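Down below is the structure, laid out as structure tokens.
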Number of protein chains: 2
Amino acid sequence: MNILEKIANELDTFSKSERKVADVILSSPGTVIHASIAALAKQANISEPTVNRFCRRLDTKGYPDFKLHLAQSLANGTPYVNRHVDENDSAEEYTTKIFESTMANLELARKSLDTSTINRSVDILTQANKISFFGLGASAVVAHDALNKFFRFNVPVVYFDDILMQRMSAINSRQGDVVVIISHTGRTKSLVEVASLAKENDATVIGITTEGSPLAKECNMVLSIDVAEDTDLYMPMSSRIAQLTLIDILATGFTLRRGTKFRDNLKKVKDSLRSSRFERKE
Amino acid sequence: MNILEKIANELDTFSKSERKVADVILSSPGTVIHASIAALAKQANISEPTVNRFCRRLDTKGYPDFKLHLAQSLANGTPYVNRHVDENDSAEEYTTKIFESTMANLELARKSLDTSTINRSVDILTQANKISFFGLGASAVVAHDALNKFFRFNVPVVYFDDILMQRMSAINSRQGDVVVIISHTGRTKSLVEVASLAKENDATVIGITTEGSPLAKECNMVLSIDVAEDTDLYMPMSSRIAQLTLIDILATGFTLRRGTKFRDNLKKVKDSLRSSRFERKE
DNA sequence: GAACTTTTTGTAATTTTATTACATAATACA
DNA sequence: TGTATTATGTAATAAAATTACAAAAAGTTC
């Protein structure tokens, strides 16, 4: 992967002249990235085409491409990876690990999301007479957040994290209503039932859940997020962050779809909160 | 430092044509590092010298040097840049932008968090007789999430998103109780009052808020998160994700501090949920 | 709103840089 | 030692980037 390591590894497979180039590069890679092929050739006391051939041997397209790889190696990139928190981690260590895992999972979630489904979901939401967000446990938090976001849009919106209320609400739904059900696993019985009830009563059911799950089967539309759930501590962490980001996306799509005039309304909502706050002095 | 961030920051200082180049680069930096100046110019619909001038404006020696910087930025772990959603963005575009902004802000949040304060907060939480989480609006979601997490620890924990309940709870607090108040701005009057009340009644008050805010001044300990809040749509998005990640961190720190035996308890809680779910067939 | 200045942008020429094609040298092997 | 193979360099060519200059656009001033 890292081209500097690669050079070091393959040092003995190089020819005499290639070896000279390798030595120069390894001894001061920082200089090389700013040098032209001529300069490097001169420093290694070999010809320019030899440098070029050296680059190709390392699976790069040529000298400029090689420099690019070198620059990346030098940047000592530590990409975000899902690292599990360890028993003996210090506060600094687990903080870093959790942040990095969260970011790695967001990256995964982004890749797994289908934008055309998002687009259609936004379509449906903008045309809804009433929007309901249901979730339980950790997913209740996501539903709660969705309420906060959509509430500002001046659209009839409700949120329930109580099984009975969810059921009653689902039974009372009608054509034109949209029910968004959030469940990471998609295997929570009561939520699957709620989805089924809502559908029977002609509501459009959007599931934020895992593809192919029992819940997904009951939904008209499924927004599936694949994340490697960190089950170490028996708490769903990353899936919830990804779901919240998805809510942001849906809310954003909603406002964009509703156009400029609509966004003035958001400003009004925001302004109305002003009196409850201490003024910022600046 | 990071040239991608630099471009994103200086976006409004660019001229019309330079802006075009910037947009192309930001939308697919990975492609640009393999493109010639001619290819990039063509893609941005501007002339080659304009690209060159653009590179120089960013304090690079020219286009190849710019590509080097870009390559390093990309390798540096964070290709994520805070980009604002635009009026005419497609679903794909705003999805990408929101994910990337979220990730960029998590990165920022991580840098701004002080691990020694986290460590002390975990100390305080593990020793608490009772933990209360208070928030309003978007921050209520975070408090709600905190409840979900800490509830599993078999510790007396409450959460209120209602001003009156928060006040009453604060007044009834006593030595050994910990009150965690969440507010991005730290300028919500009622929450500042609640903090003050809790402190008067000998509770330890931890604020998840902005440093130096009115709320921060009332707290015994402040966990401050600096994020560039995306106020485009008048909804706090990134701060909330960062706060939730902080809750994850506190909860993780909590379990680690409590030791192995304690974690068995978490498993019990998890197992107790099993009967409410459809079994996974695999 | 016309005349001027400043800034921005593009065209074409030039220079720099990298690559190719070919020739020569070195090495390996029978 | 002669031949095949590989390695390397020279010179030509191609590609890429930069410069110099001119035209266009945007601001300013009266």
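The values are calculated or read from the model by the stated rules, or taken from the named source; none is laboratory data. Model, not experiment: these values are computed from the prediction. Heads up, the Cβs are rebuilt from the backbone with ideal geometry, glycines too, and the neighbour counts pull from every protein chain shown.
Observations, loosely collected:
- Among the candidates B:41, B:71, B:104, B:35, residue that is crowded, with 20+ Cβ neighbours inside 10 Å, more than 8 Å from chain A (Cβ to nearest Cβ) and more than 22 Å from residue B:238 (Cα to Cα): B:41
- Residue satisfying condition, being in contact with a Gly (Cβ under 7 Å, 6 or more places away or on another chain) and under 20 Å from residue A:226 (Cβ atoms), within set A:142, A:122: A:142
- Cβ-Cβ distances below 8 Å connect the following pairs, each with a first residue in the range A:42-55 that is on the phi < 0 side of the Ramachandran plot, a second residue that is within 7 Å of DNA strand C (Cβ to nearest atom) and not in a loop (DSSP other than H, G, I, E, B), and a separation of six or more residues or different chains: A:48/A:37; A:48/A:38; A:51/A:37; A:51/A:63; A:52/A:37; A:52/A:63; A:55/A:63; A:55/A:65.
- Qualifying residue in the range A:117-127 (condition: outside any helix (DSSP H, G or I), in the same structural domain as residue A:244 (by TED's automatic domain parsing) and either under 15 Å from residue A:254 (Cβ atoms) or over 23 Å from the mean Cα position of the chain (by Cα) (or both)): yes
- Just one of the numbered conditions (1) among the hydrophobic types (A, V, I, L, M, F, W, C); (2) without any contact (Cβ under 8 Å) to a residue 24 or more places away in the chain; (3) over 15 Å from residue A:208 (Cα atoms) is not true of residue A:147: (3).
- Taken as a whole, the condition of being within 30 Å of residue A:123 (Cα to Cα), of a type outside the set (D, E, K, R) and either at pLDDT below 80 or within 16 Å of DNA strand D (Cβ to nearest atom) (or both) applies to residue B:88.
- Any hit, the range A:84-95, residues being of a type in the set (Ser, Thr, Tyr), in contact with a Ser or Thr (Cβ under 9 Å, 6 or more places away or on another chain), facing another protein chain (nearest Cβ under 7 Å) and more than 16 Å from DNA strand C (Cβ to nearest atom): yes
- Any hit, the range B:112-126, residues being under 30 Å from residue B:29 (Cα atoms) and within 12 Å of another protein chain (Cβ to nearest Cβ): yes
- Considering only residues in the range B:35-67 that are β-branched (Val, Ile, Thr) and near DNA strand C (Cβ under 9 Å from one of its atoms), the one that is modelled with the lowest pLDDT turns out to be B:51.
- The lone exception for residue B:105 - which of (1) assigned by TED's automatic domain parsing to the domain that holds residue B:252; (2) within 24 Å of residue A:242 (Cα to Cα); (3) of a type in the set (S, T, N, Q); (4) in contact (Cβ under 8 Å) with a residue 24 or more places away in the chain it fails: (1)
- Subset of the range A:1-29 (residues that are within 36 Å of the chain's Cα centre (by Cα) and either away from DNA strand C (no atom under 16 Å from the Cβ) or away from chain B (no Cβ under 14 Å) (or both)): A:1, A:2, A:4, A:5, A:6, A:7, A:8, A:9
- Exclusive hit being at negative phi and modelled with pLDDT of 90 or more, set A:109, A:143: A:143
- In summary, residue B:129 fulfils each of the numbered conditions (1) at pLDDT 85 or above; (2) buried (at least 23 other Cβ atoms within 10 Å of the Cβ) with the single exception of condition (2).
- Criterion: over 30 Å from residue A:93 (Cα atoms), out of contact with any Pro (no Cβ under 9 Å at 6 or more places or on another chain) and modelled with pLDDT of 85 or more - qualifying residue of B:31, B:95: B:95
- Qualifying residue in the range B:132-140 (condition: more than 21 Å from the chain's Cα centre (by Cα) and surrounded by 24 or more Cβ atoms within 10 Å (Cβ to Cβ)): yes
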